[in-house]
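In what follows, a single structure is set out as structure tokens and then discussed.
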Amino acid sequence: MTKVDHKKVLAERLSARFGRRAVLKGMGAGLLTAAASTGAPGIARAQQSGHLKIASIKVIDTLDPHFTGFLSAIQIINNIHNGLLKIAYDGTNVSFEPDLAETWDLEDDKTHVFKLREGVMFHDGTPCNAEAVKFSLLRVKEGEPKSPHAWKLALLDEIEIIDDLTFKLHFSQPYAFLPVALNGSTGRAGTIVSPAAVQKYGADYGRNPVGTGPFKFVSWRENDAIELEANTEYFEEGLPKLERVTFVLMNEASTALAALMAGQIDGMTDCPMQLVDQVDAFPNATLYGEIEGNYTFVGMNCARAPFDDINLRRAVAWALDRETLVKQAYFGRAQQAYTPISPPMTDFFDPNIATSGRGQWFDLEKAKEFRAKAANQGEVEVTYMMAERGPVGTRVAQTVAPMLAQIGIKANLELIEPAAWVKRRNEGDFDLYDFEWVADLDPDETLYPEFRSDGAWNFGKWINTEFDELCAQAQVVLEPEARKELYYKAEDLLMDEAGIAVMAHMPIYKVFSNKVQGFEYIPADLVNLHTVSLA
Amino acid sequence: MWGQALGKIAQTLVVLFVVSVASFGLLKLAPGDPIQIMLGSEYSQEAYESLTAELGLDQPFLAQYADWAVRFVQGDWGTSYVARTDIFTYAFKEALPVTLTLASFSLAFAILIGVPLGVLSAVKKDTAFDAGAAVLALTGTAFPSFLLGILLIWFFAVKMQLFPVMGYVSPWQDFWGGIYHMILPGLTLSTYFIAMITRLTRATLIEVMEQPYIAAARARGEPSWRVIWVHGVRNIAMPLVTILGLQLGVLLQGTVLTETVFNLPGIGQMLTSAVLGREYMVVQAGVMMTATLFIGVNLLVDLSYPFLDPRLRARK
């Protein structure tokens with residue numbers, strides 16, 4: 001691959017982002033910001049109106065983008081901060097567009113040049129410039145305490161500041177995952193925080209976040225609410241539209257739904273699948289949700305008997321009736337998965353996968369053939385650990401157990417508490433469990449850390465060095481078609497050796513009352529409110 | 001008198017010590033690791049170790065306990081692992097008032113509804129009213145409070161739109177708003193107690209009404225409301241107060257579910273999320289507060305006897 005090709009490929013792949021329009025739009029916003037900051041803030045303030053109250057059902061650990069492990073926290077963080085890039089969605093394609101960056105160019109396949117928008121200020125009045133970006137990236141890469149997202153910038157060698165708004169990122173290898181790592185959403189590593197605020201608050205930054213986003217953080221009352229107010233000097237013209245946003249922290253989704261129906265709140269950041277029918281029947285609310293970047297699977301412990309036997313694993317993989325699972329366990333809302341790569345990875349997902357012959361699906365005859373080849377021909381008794389966790393709790397386990405009985409595997413369902421479940425999963429103390437990897441937008445993050453031989457998330461300890469090599473190669477290939485080939489090969493190994501039995505891609509739902517207008521749905525579990533207004 | 005009080009206080013301290021060791025130990029023994037929960041799934045071993053060391057969770061159990069206990073006594077309740085809030089502010093200043101408000105409302109409901117209902121049942125013993133009240137009371141005791149809470153929400157808040165679905169408003173800041181928000185949760189939590197107090201009032205009052213002093217009061221020609229409410233009810237105060245004090249534990253236990261259903265930011269919700277997240281120090285703070293509350297109330301019950309029963313007052 002030549003240098004020139006490479007640049008062209010990436011430029012194409014990042015398509016809309018460096019188009020003339022995007023650049024002009026970026027400059028326009030910069031001018032507006034400058035005007036707003038020198039002009040009367042009172043006038044800008046008058047544009048915002050309305051107080052949106054939205055229930056946040058899951059746990060919010062911290063509002064520090066570099067330390068959170070929860071998507072529910074990112075939903076809020078993303079309204080306070082911006083990334084260098086952002087995720088865009090036009091209804092069919094997911095792409096990455098510049099956010100704080102105005103332009104992004106490749107000097108060679110390992111050197112990326114960014115120019116920032118002019119005049120962008122953090123909520124505390126300090127400028128968002130190349131120094132601030134360097135500070136944030138280094139905080140992720142090598143800060144103390146260690147960020148859980150440090151690995152996303154492991155290949156970053158040097159950050160070279162050219163001028164106040166321009167900087168170069170030097171990588172040790174070409175890095176195909178970069179667009180995801182640098183967006184302010186699921187990637188988190190490229191979310192830019194105010195250096196002054198980090199110095200001021202230290203470890204308490206997560207309770208006092210200061211970004212450049214459309215909303216400013218106001219307060220956080222434990223188990224009660226997180227309040228945001230409009231950033232009147234936000235760099236996107238005419239945004240945000242709301243004056244105030246309250247995330248009402250709730251544990252009980254059915255109470256949130258009741259509050260929505262009674263008009264006490266205007267939406268829910270997450271609507272569990274079992275409540276979707278009720279929302280559908282309610283005329284004053286709109287449901288947003290599509291199949292997102294995730295896959296669910298039954299995990300098998302490949303490191304110990306009986307699932308160290310490849311034929312027994314294959315038997316499980318072919319014995320799961322995905323159609324029934326989708327109906328019974330996922331309320332008929334999910335989509336059967338053949339391999340891990342999911343629909344929103346538009347450059348990689350094969351829309352005709354069902355007829356392609358790749359992956360795993362239900363075929364009891366085939367399952368029985370594999371079962372007949374298994375070392376243990378007697379009844380195999382295994383422990384299936386389950387917990388009231390995840391999108392559908394213990395429903396998957398209860399649906400899977402009778403399917404396994406058909407191939408002579410007796411799964412003893414063991415219900416444990418979620419914290420204990422996490423511990424046992426991480427320690428590899430199980431035979432079977434079910435889990436889901438969610439909010440992935442690139443095959444790298446959906447396959448490699450989960451199944452590489454020495455991967456920290458490879459709880460089932462499926463080991464295949466060829467798979468490792470394919471994924472490692474794909475990381476440094478920037479051309480999507482070539483990358484796709486490598487990931488397909490890697491997936492085929494995983495599916496054939498049945499490291500897991502893949503089940504479904506799930507939709508993730510959000511609900512807003514019909515008073516709420518302008519919500520832009522993005523299939524990465526985001527609740528971006530900058531375009532939202534209240535009628 | 002002083003000796004007795006000192007004895008009680010010493011007893012209380014011993015109980016609190018035992019409670020704190022037990023809850024600290026139980027939670028540590030339970031499988032589950034706060035760091036793993038905090039970091040979600042995307043973390044490296046280095047991040048895990050660095051955080052474990054930073055939070056002092058790599059220390060042996062006794063060292064962790066001693067460190068916690070010494071600070072706790074000094075009023076430094078620590079910082080929660082995940083949210084990094086000051087636990088004293090969170091638990092004592094924010095969560096405790098909510099739970100106290102909820103508990104007081106429930107107690108008030110229980111007394112204001114339960115006692116009159118019980119008195120009427122006793123007076124109209126073996127009538128249709130009595131039978132009806134008995135059925136209500138039995139249902140109340142048997143009905144799970146979370147289900148009742150959801151039903152109340154659906155009927156009164158969603159269908160009738162009479163009350164808010166959820167949320168807490170401090171009655172100290174907005175008195176009527178506070179009451180308005182507390183009616184459904186207060187009612188949910190108090191059903192069990194309404195039922196219990198009704199049955200207790202009925203049973204004890206029937207017994208009291210057969211006493212000679214009631215007959216004497218009637219013989220003196222006192223109006224029957226006075227006989228019942230003054231001579232009768234005053235004499236059931238003692239068993240009532242005793243039972244209420246002892247049942248306070250059940251009430252506090254009930255706040256966990258009620259607070260979850262009505263989304264009230266009280267100790268119940270605090271403890272639930274803390275236990276699930278293995279926030280050892282938050283759990284400790286919650287347990288210590290509820291234990292102190294429970295012991296304190298029962299101490300008050302003991303001390304109230306002389307006021308309720310003149311025969312128990314010290315003779316000079």
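The values are calculated or read from the model by the stated rules, or taken from the named source; none is laboratory data. Everything numeric in this text was worked out from a predicted model, so none of it was measured. Glycine also receives a Cβ, built like all others from the backbone with ideal geometry; neighbour counts cover every protein chain displayed.
Out of all the residues in the range A:325-334, is one or more farther than 17 Å from A:Val392 by Cα, buried (at least 20 other Cβ atoms within 10 Å of the Cβ), touching a residue at least 40 places away in the same chain (Cβ under 8 Å) and over 23 Å from the mean Cα position of the chain (by Cα)? No, the range A:325-334 has no match at all. Do we find that B:Pro144 is at pLDDT below 90 and under 25 Å from B:Phe294 (Cβ atoms) in this structure? Yes; evaluated as a whole, the condition is true for this residue.
Taking each residue of the range B:214-227 that is assigned to a loop (DSSP other than H, G, I, E, B) and looking for partners that are of a type outside the set (A, V, I, L, M) with beta-carbon atoms closer than 8 Å, six or more apart or interchain, yields B:Glu222/B:His231. One residue stands out among those in the range A:215-232 that are more than 23 Å from the chain's Cα centre (by Cα) and not charged (D, E, K, R): the one that is nearest to the other protein chains (Cβ to nearest Cβ), which is A:Asn223.
Looking only at the range A:238-246, decide whether some residue is modelled with pLDDT of 95 or more, within 14 Å of chain B (Cβ to nearest Cβ) and either crowded, with 22+ Cβ neighbours inside 10 Å or out of contact with any strand residue (DSSP E or B) (no Cβ under 6 Å at 6 or more places or on another chain) (or both). No, the range A:238-246 has no match at all.
The single condition among (1) within 34 Å of the chain's Cα centre (by Cα); (2) farther than 30 Å from A:Val59 by Cβ; (3) buried (at least 19 other Cβ atoms within 10 Å of the Cβ) that A:Ala354 does not satisfy is (3). Scan the range A:258-274 for residues that are surrounded by 24 or more Cβ atoms within 10 Å (Cβ to Cβ) and within 11 Å of another protein chain (Cβ to nearest Cβ) and the total you get is 3. Tell me yes or no: at least one residue of the range B:180-187 is over 17 Å from B:Leu148 (Cβ atoms) and not polar (S, T, N, Q). Within the range B:180-187 (the criterion being over 17 Å from B:Leu148 (Cβ atoms) and not polar (S, T, N, Q)), the answer is yes, since at least one residue qualifies.
Considering only the range B:4-110, give the helices (runs of 4 or more DSSP H) lying wholly within it that have at least 3 residues that are within 12 Å of chain A (Cβ to nearest Cβ).
Output list reads B:34-39, B:45-54.
Restricting attention to the range B:150-198, the residues that are more than 14 Å from every other protein chain (Cβ to nearest Cβ) and hydrophobic (A, V, I, L, M, F, W, C) total 13.
Taken over the range A:403-432, the criterion of being closer than 15 Å to A:Val298 by Cα, more than 13 Å from chain B (Cβ to nearest Cβ) and surrounded by 19 or more Cβ atoms within 10 Å (Cβ to Cβ) is satisfied by A:Met403, A:Leu404, A:Ile409, A:Ala411, A:Asp431, A:Leu432.
Kindly indicate which of A:Leu169, A:Leu116, A:Leu182 is under 25 Å from A:Leu71 (Cα atoms), away from every other protein chain (no Cβ under 14 Å), touching a residue at least 12 places away in the same chain (Cβ under 8 Å) and not basic (Lys, Arg).
A:Leu182
Would you check if there is a residue in the range B:286-304 being within 14 Å of chain A (Cβ to nearest Cβ) and either in contact (Cβ under 8 Å) with a residue 40 or more places away in the chain or touching a helix residue (DSSP H, G or I) at 6+ places or on another chain (Cβ under 7 Å) (or both)? So far as the range B:286-304 goes, yes, one or more of its residues are within 14 Å of chain A (Cβ to nearest Cβ) and either in contact (Cβ under 8 Å) with a residue 40 or more places away in the chain or touching a helix residue (DSSP H, G or I) at 6+ places or on another chain (Cβ under 7 Å) (or both).
Candidates B:Gly140, B:Gly167, B:Gly177, B:Gly149: the one that is assigned to a loop (DSSP other than H, G, I, E, B) and within 17 Å of B:Phe105 (Cβ to Cβ) is B:Gly167. Applying the condition of being among the hydrophobic types (A, V, I, L, M, F, W, C) and assigned to a helix (DSSP H, G or I) to the range A:364-385 and asking which residue is farthest from A:Asp308 (Cα to Cα) yields A:Leu364. Selection over the range A:297-324 of residues that are part of a helix (DSSP H, G or I) and surrounded by fewer than 17 Cβ atoms within 10 Å (Cβ to Cβ) gives a count of 3.
Rundown of residues vs (1) crowded, with 24+ Cβ neighbours inside 10 Å; (2) more than 14 Å from chain B (Cβ to nearest Cβ); (3) among the aliphatic types (A, V, I, L, M), yes/no style:
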residue: A:Gly202; (1), (2), (3): no, no, no
residue: A:Pro209; (1), (2), (3): yes, no, no
residue: A:Gly213; (1), (2), (3): yes, yes, no
residue: A:Tyr234; (1), (2), (3): yes, yes, no
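Restricting A:Phe467, A:Phe459 to those that are buried (at least 21 other Cβ atoms within 10 Å of the Cβ), within 14 Å of chain B (Cβ to nearest Cβ) and in contact (Cβ under 8 Å) with a residue 12 or more places away in the chain reduces the list to A:Phe459. When A:Val400 is tested against (1) of a type outside the set (Ser, Thr, Tyr); (2) without any contact (Cβ under 8 Å) to a residue 24 or more places away in the chain; (3) away from every other protein chain (no Cβ under 13 Å), just one condition goes unmet, and that condition is (2).
The set of residues from the range A:175-210 being in a loop (DSSP other than H, G, I, E, B) and closer than 13 Å to A:Lys86 by Cβ comprises A:Gly184, A:Ser185, A:Thr186, A:Gly187, A:Arg188, A:Gly190. The residue that is nearest to the chain's Cα centre (by Cα), among those in the range A:42-101 that are under 17 Å from A:Gly213 (Cα atoms), small (Gly, Ala, Ser) and buried (at least 24 other Cβ atoms within 10 Å of the Cβ), is A:Ala73. Condition check for A:Pro443 on (1) buried (at least 21 other Cβ atoms within 10 Å of the Cβ); (2) at positive phi: one failure, at (2). Is it the case that the range B:47-65 has a residue that's free of Cβ contacts under 8 Å to residues at least 12 places away in the same chain, within 30 Å of B:Tyr180 (Cα to Cα) and not assigned by TED's automatic domain parsing to the domain that holds B:Leu205? Within the range B:47-65 (the criterion being free of Cβ contacts under 8 Å to residues at least 12 places away in the same chain, within 30 Å of B:Tyr180 (Cα to Cα) and not assigned by TED's automatic domain parsing to the domain that holds B:Leu205), the answer is no, since none of the residues qualifies. Look at A:Leu137 and say whether it is part of a strand (DSSP E or B), in contact with a strand residue (DSSP E or B) (Cβ under 7 Å, 6 or more places away or on another chain) and among the hydrophobic types (A, V, I, L, M, F, W, C). Judged against the criteria, A:Leu137 is not a match. Restricting attention to the range B:207-236, the residues that are buried (at least 16 other Cβ atoms within 10 Å of the Cβ) and within 27 Å of B:Phe109 (Cβ to Cβ) total 9.
The residues in the range A:357-375 that are touching a Phe, Trp or Tyr at 6+ places or on another chain (Cβ under 9 Å) and modelled with pLDDT under 95 can be counted, and the count is 0.
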